[in-house]
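Let me begin by presenting the structure, written as structure tokens, before commenting on it.
The values are calculated or read from the model by the stated rules, or taken from the named source; none is laboratory data. Keep in mind the model is a prediction, meaning the values are calculated, not measured. All Cβ positions, even for glycine, are placed from backbone atoms using ideal geometry, and neighbour counts span all protein chains on display.
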Amino acid sequence: MSGSTGCREAIALLEDWLKAELTPEVAEQVRAHFDRCRPCFRHAEFERRFLAELEAAGRGDRCPERLRAELLREIRGADPA
Ligand SMILES: [Zn+2]
């Protein structure tokens with residue numbers, strides 16, 4: 001079956017997807033995968049927020065590693081496994 005995006009493919013495309021660098025067709029397939037795959041959705045949501053926070057922080061004094069840890073904790077707390 002073609003046209004179905006797997007987890008590995010979705011994650012591999014995630015960064016380009018977040019940066020809107022994919023064709024609309026591929027972007028839609030990735031989005032559709034995140035819609036039906038909870039683990040990938042959480043992964044995508046984390047990366048999206050991480051990139052947004054980095055952007056918001058600019059090249060300021062926030063440490064990316066610390067920010068990543070904070071977001072991970074927040075996401076896990078908001079949606080316990
Ligand atoms: Zn998946």
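Points worth noting:
- Filter result for L67 (modelled with pLDDT under 95, of a type outside the set (S, T, N, Q) and surrounded by 14 or more Cβ atoms within 10 Å (Cβ to Cβ)): yes
- Selection count, the range 15-41, where residues are within 22 Å of E70 (Cα to Cα) and touching a Lys or Arg at 6+ places or on another chain (Cβ under 9 Å): 1
- The residue that is surrounded by the fewest Cβ atoms within 10 Å (Cβ to Cβ), counting only those in the range 1-15 that are of a type in the set (A, V, I, L, M, F, W, C) and either more than 21 Å from I75 (Cβ to Cβ) or without any contact (Cβ under 8 Å) to a residue 24 or more places away in the chain (or both), is M1.
- Selection of the range 16-51 for residues being exposed (fewer than 12 other Cβ atoms within 10 Å of the Cβ) and either away from the ligand (no atom under 15 Å from the Cβ) or within 10 Å of the chain's Cα centre (by Cα) (or both) yields K19, A20, E21, T23, P24, E25.
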